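Below: one structure, written as structure tokens.
Only the coordinates and a few stated rules stand behind these numbers; no lab work does. None of these values were measured; they are calculated from a predicted model. Neighbour counts are summed over all protein chains in view; Cβ atoms, including those assigned to glycine, are modelled from backbone coordinates with ideal geometry.
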Amino acid sequence: MTNRRDMLKTGLAGAALAAGTTAASAQAPQAATINWRMTSSYPKALDAVFGAGDIFLKAVSDMSGGRIQLQHFASGELVPGLQALDAVQNGTVECCDTAAFYYVGKDPSFAFGAAVPFGLNTRQQNAWFFQGGGLALFNELLAQYNVIGLPIGNTNAQMAGWFRKEIKTVDDLKGLKIRIGGLAGQVIAKLGAVPQQIAAGDIYPALERGTIDAAEWVGPYDDEKLGFSRVAPYYYYPGWWEGASAILLMINRSKWNELSATDKAIFVAAAHQANSLTIAKYDDVNPAAIKRLIASGTQLRGFSPEIMDACAKAAAELYEEIGAKNPMFKKLHDHMMAYRNEQLLWQQVAEFNYDAYQIRSRSRR
């Protein structure tokens with residue numbers, strides 16, 4: 001039977017242990033509270049592409065127990081959408097969500113962080129980024145601009161956009177004023193078109209007034225929200241310049257380096273979550289959107305093989321020209337295209353044949 005002296009000793013020892021634990025807890029460093037601002041290149045109305053940033057910041061908050069908070073600002077609220085990189089680079093804001101190819105005017109190599117004509121599809125791009133070394137290689141470029149990049153979404157394969165008139169031959173592209181992003185504008189300029197870089201919110205009025213003759217944005221879900229079908233009836237495919245188009249989180253490198261290893265891990269995990277969910281979102285919403293557009297009078301058109309071949313030839317010429325003057329571009333291009341070719345060798349064996357069978361058999365069911 002435990003005597004009173006043993007109970008007293010046990011009680012005193014427990015009290016001492018509790019006191020020591022409390023003192024140690026009081027002396028333990030507390031993880032820093034972080035409040036950052038994130039500017040976007042996208043308007044809030046585009047809930048899928050802008051929503052990638054929302055998914056990311058919510059995941060960061062949840063994983064950190066609310067200790068890390070990011071305030072998300074739409075295009076134009078803090079800075080114009082096409083100046084998001086500049087705002088992060090100079091420290092006006094800590095981070096942004098954007099499309100890297102908006103900045104090809106600084107260096108054409110930026111396109112590899114979003115999409116290049118006749119490049120990768122979404123799964124190939126994810127594999128290249130996360131397993132093939134593509135993201136690390138792209139971050140070598142971003143280091144020159146005091147930022148780091150993490151993919152937080154993808155729009156998947158895009159449409160070629162909205163045209164006021166039908167495009168039947170390569171000659172129909174001559175003189176065509178088209179809103180188009182990234183390197184695709186330089187490709188199509190080789191065929192006589194006149195590319196325009198216009199932020200999302202300004203595309204509709206430019207198309208409505210006839211300032212431009214055509215415009216590409218993303219795909220059925222986003223394009224429907226922007227109302228392009230009301231002013232341009234012909235909806236072309238495929239968007240050969242964006243077989244995939246990554247949404248990129250850019251973080252000021254100095255701010256990134258201030259984060260603890262734990263907080264960096266939270267950011268990376270949240271980015272992966274946003275990337276996966278945004279890809280799924282687009283796959284989920286586009287089928288119904290294309291049906292609605294067709295029901296309302298949209299006329300689908302496919303680019304002819306002649307046009308596709310001419311565009312592919314022009315793209316290859318452009319890459320040769322840029323690569324001859326820009327070692328970083330050549331390094332990224334050669335790396336990515338070699339990876340794509342290996343992917344295609346495998347995918348044509350099983351996936352392409354499986355998908356082709358499903359499409360053929362669908363009409364027979």
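The dipole here belongs to the chain: it is taken about the Cα centre, uses +1 on the Cβ of Lys and Arg and -1 on the Cβ of Asp and Glu, and is about 720 debye. Peptides 127-135, 279-287 ranked from most to least packed by the mean count of surrounding Cβ atoms within 10 Å: 127-135, 279-287. Between the C-alpha center of the stretch 325-365 and that of the stretch 166-220 there is a gap of 26 Å. To the nearest 20 debye, what charge dipole does the stretch 164-227 have about its Cα centre, counting +1 at the Cβ of each Lys and Arg and -1 at the Cβ of each Asp and Glu? Dipole of the stretch 164-227, to the nearest 20 debye: 240 debye.
Which links in K106/K225; K58/K281; K44/K106; K44/K165; K44/K281; K106/K330 stretch past 19 Å when you go from one Cα to the other? Check vs 19 Å cut-off fails for K106/K225; K44/K106; K44/K165. Rounded to the nearest 5, the antiparallel percentage of DSSP beta bridges internal to the chain is 45%.
222 nm [θ] for the chain, helices only, -39500 (n - 2.57) per DSSP H run of 4+, per residue, to 500? Mean residue ellipticity, 222 nm, calculated: -16000 deg cm²/dmol. When the chain is described by a simple charge dipole with +1 on each Lys and Arg Cβ and -1 on each Asp and Glu Cβ, the residue from T98, A316, A184 located farthest towards its positive end is T98.
For the pair the stretch 271-320 / the stretch 95-164, the C-alpha centres are spaced 16 Å from each other. For the stretch 217-294, a crude dipole built from +1 on the beta carbon of Lys and Arg and -1 on the beta carbon of Asp and Glu, taken about the Cα centre, is about 100 debye to the nearest 20.
Computed over the chain, relative contact order equals 22 percent, with contacts defined as Cα pairs under 8 Å that lie 6+ residues apart.
Projecting the Cα atoms of N252, A87, V60 onto the charge dipole of the chain, computed from C-beta unit charges around the Cα centre, puts V60 farthest toward the positive end.
Packing around the peptides 297-306, 251-260, 346-355, 88-97, taken as the average count of other Cβ atoms within 10 Å per residue, puts them in this order, highest first: 88-97, 251-260, 297-306, 346-355.
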